[in-house]
1. Could you identify the single residue in ALA149, ALA122, ALA88 that is surrounded by 13 or more Cβ atoms within 10 Å (Cβ to Cβ) and modelled with pLDDT of 95 or more?
2. Considering only the stretch 66-94, state which residues are basic (Lys, Arg) and within 18 Å of HIS49 (Cα to Cα).
3. If I filter the stretch 112-121 for residues that are over 24 Å from the mean Cα position of the chain (by Cα) and in a helix (DSSP H, G or I), do I get at least one hit?
4. Would a scan of the stretch 404-418 turn up a residue that is surrounded by fewer than 20 Cβ atoms within 10 Å (Cβ to Cβ), assigned to a loop (DSSP other than H, G, I, E, B), without any contact (Cβ under 8 Å) to a residue 40 or more places away in the chain and among the aliphatic types (A, V, I, L, M)?
5. In the stretch 167-192, how many residues are within 37 Å of the chain's Cα centre (by Cα), modelled with pLDDT of 75 or more and not in a loop (DSSP other than H, G, I, E, B)?
6. Looking at (1) closer than 29 Å to SER212 by Cβ; (2) out of contact with any Leu (no Cβ under 9 Å at 6 or more places or on another chain); (3) surrounded by fewer than 18 Cβ atoms within 10 Å (Cβ to Cβ), find the lone condition where ARG195 falls short.
7. How many residues are more than 23 Å from GLU225 (Cβ to Cβ) and in contact (Cβ under 8 Å) with a residue 24 or more places away in the chain when one looks only at the stretch 259-284?
Amino acid sequence: MNEAFLSFLTQKKLCTPHHHILVAVSGGQDSMALLHLFVRAGFRVSVAHVNFQLRGKESDQDQEFVKNFCRAARIPFYSKKFQTEKYAVKKSLSIQMAARALRYGWFHELMLRHRFDRLATAHHLNDSIETVLINITRGTGLEGLDGIAAKNKNIIRPLLFATREQIHSYVKENKIRWREDASNNTDDYVRNYLRHQVIPKLKKINPSLEDSVADMLEKTAAGNELAEAGLLQWREKFETIQGDQIFFLKKGFSGFHNPCGLLWLLVKKYGFHFDQCRQAIRSLDKQSGKKFLSDNYVLGIDRKSLILSPQKKEEPAVTITKNKTQVTWGVRQLKISTPKKIKISTDRYTALLDSAKLTFPIIWRAWKKGDFFYPLGMDKRKKVSDFLIDRKISISEKKNVTVIESAGEIAWLVGYRISDRFKITDRTQALTKLEFKTTALKSGQVD
């Protein structure tokens, strides 16, 4: 076991004897075995123990057990108590997820405060098998089939080479004391149910289940590496980035038998689920403009591309009083003047309106769904969304479209068309000129 442990550390490049290791120790046989292996190999270690206060006196006894062991072995010891149940209720989490969030949050604090090089946890091969089975029930992708990573940044799992039975034998042979968590004997948790009910049945089919799955994990990890390389090549050919937007060319999906899966690989980290990717692929050749939302991002279908961009909070409207001559809104600027003579401009960012038809204060705001106006030359109203579609305005451009509103009516679709109801006529006596341009002002600045 000692030789296999050191070999695994080297093979997976987890740590060296020069590193200071923080070992997460619950007091159970897995973590006590891990601590024993590190100490026996001469590593510099410290111990972190979390008391989740879920089993009353037993939780306190676990803490005392680990503390006493470290004191006798002269190992630096850190512990922390959490009110896990209250935290779970407050955050609307399961007990398991709450415990995970609490312990890793505290571990991270310890790592920073004491400058530990690695955090070692006692996950082993059977834990990895259980993780794969859980991922399968959740509809995982390829990356969910390679189990628990041996190394994730500065977190290492040095026991992933060993089965639960091998660890138990090591503990027994070396007479290592440990404490049993009674909750491990129930089927209340998914992992326990898999451990007690599902995996024994699978082992009847294949008595060498652990060895077979270990091989599968290694093969899948290699497949994931190749998939990452292939995805990088696809991105280089079909993906472009402009500012905070990512463009995926539609034609990049046409040669794939499983384009939904490809799109999911591209956007899953932005919070999109697989069904949204399926719907997006089905909509590729239909009318552009359809959008799909995650918590913080928008995936929109344009004429030639899928456009991924962060959701922007609706910007507050700018109120323009009658005496204003200039306002700025983010990087945009609007000049207001009252020329004496009519001088028609061909600049689409300049609007000349009949002052008598404007009611101040006027409002400058982003356009929104449901907006309509009467485009110059038309006596019927038209939805702004339809007007922009007719003009083949891309999704990315639509996000920056603004309107000037007077008494609840759109007077100018800025940069595109004034309203027929605000146009100048031969009866116009006073003019209002609006000139739009972008500036280099800081976002949010308003004069």
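The values are calculated or read from the model by the stated rules, or taken from the named source; none is laboratory data. Bear in mind the structure is a predicted one, so any value in this text is a computation, not a measurement. Cβ placement follows ideal geometry from the backbone for every residue including glycine, while neighbour counts extend to all protein chains displayed.
1. Criteria check complete, one pass: ALA122.
2. Scanning the stretch 66-94 gives LYS67, ARG71, ARG74, LYS80, LYS81.
3. yes
4. For the stretch 404-418, residues surrounded by fewer than 20 Cβ atoms within 10 Å (Cβ to Cβ), assigned to a loop (DSSP other than H, G, I, E, B), without any contact (Cβ under 8 Å) to a residue 40 or more places away in the chain and among the aliphatic types (A, V, I, L, M): absent.
5. 4
6. It fails just one condition, (3).
7. Of the residues in that region, 5 qualify.
Listed here are the residues, each with its yes/no results for (1) farther than 21 Å from GLN242 by Cα; (2) aromatic (Phe, Trp, Tyr); (3) buried (at least 18 other Cβ atoms within 10 Å of the Cβ); (4) not assigned by TED's automatic domain parsing to the domain that holds SER396.
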{"residue": "PHE272", "(1), (2), (3), (4)": "no, yes, yes, yes"}
{"residue": "LYS291", "(1), (2), (3), (4)": "no, no, no, yes"}
{"residue": "ASP295", "(1), (2), (3), (4)": "yes, no, no, yes"}
{"residue": "LYS340", "(1), (2), (3), (4)": "yes, no, no, no"}
{"residue": "ASP354", "(1), (2), (3), (4)": "yes, no, yes, no"}
